[in-house]
Amino acid sequence: QVQLVESGGGLVQAGGSLRLSCAASGSIFSINGMGWYRQAPGKQRELVAVITSGGSTNYAYSVKGRFTIYRDNAKNTVYLQMNSLKPEDDAVYYCNAAVETAQSKGLMILNCWGQGTQVTVSS
């Protein structure tokens with residue numbers, strides 16, 4: 001089994017910063033893409049940022065230039081540095097990872113999600 005545990009959410013004033021962390025643990029052979037998604041009340045979950053195992057990144061237009069995703073492969077951890085936060089960034093943030101894990105029949109890739117962490121931005 002594989003678990004993703006997020007941390008770093010909280011309450012911040014508009015213009016402030018937060019850093020989210022997501023650590024993967026369990027039966028991990030390797031981790032391919034990792035990313036952050038968010039879901040605001042009454043809205044669909046949306047992609048915020050993704051990063052490949054090689055370090056290539058992609059961002060939602062709404063966060064470009066403000067958010068930075070990076071990972072520490074040795075720690076199986078992905079981070080999201082969020083600067084210049086706006087009230088519209090208010091949401092539950094979820095970590096996602098494509099984890100290659102060893103099963104009885106060989107390697108398989110699991111699409112794993114964290115439990116979510118709340119980010120609240122006050123105006």
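Per residue, the accessible area of the chain comes to 53 Å², computed with a 1.4 Å probe over protein heavy atoms only.
Ignoring ligands, DNA and RNA, what percent of the accessible area of the chain is carbon or sulfur (1.4 Å)? If you can, show how the numbers build up before the last one.
On the way: 3200 of 6540 Å².
In the chain, the share of accessible area belonging to carbon and sulfur is 49 percent.
When a/c is below 1.5 the answer is rounded, else prolate if a/b is larger than b/c, else oblate, so apply that to the chain with a ≥ b ≥ c taken from the square roots of the Cα gyration tensor eigenvalues. Prolate shape, in that a/c is at least 1.5 and a/b is the bigger ratio.
In region 1-114, what is the count of Lys pairs whose alpha carbons are under 28 Å apart, counting only pairs at least 8 residues apart or on separate chains? Please list the in-between numbers first.
Numbers: K43/K64; K43/K86; K64/K75; K64/K86; K75/K105.
Taking the Cα cut-off of 28 Å, the pair count is 5.
The slack between V5 and N73, meaning 0.36 nm per residue of separation minus the straight C-alpha distance, is 22.9 nm. Seen from T52, the other residues with C-beta closer than 14 Å to its C-beta sum to a net charge of 0, counting Lys and Arg as +1 and Asp and Glu as -1.
The values are calculated or read from the model by the stated rules, or taken from the named source; none is laboratory data. Here the structure is a predicted model, which is why all the values come from computation and not from measurement. All Cβ positions, glycine included, derive from the backbone under ideal geometry; neighbour counts span all protein chains shown. With ligands, DNA and RNA removed, areas are computed over all heavy atoms of the protein, side chains included. Shrake-Rupley method; radii C 1.70, N 1.55, O 1.52, S 1.80 Å.
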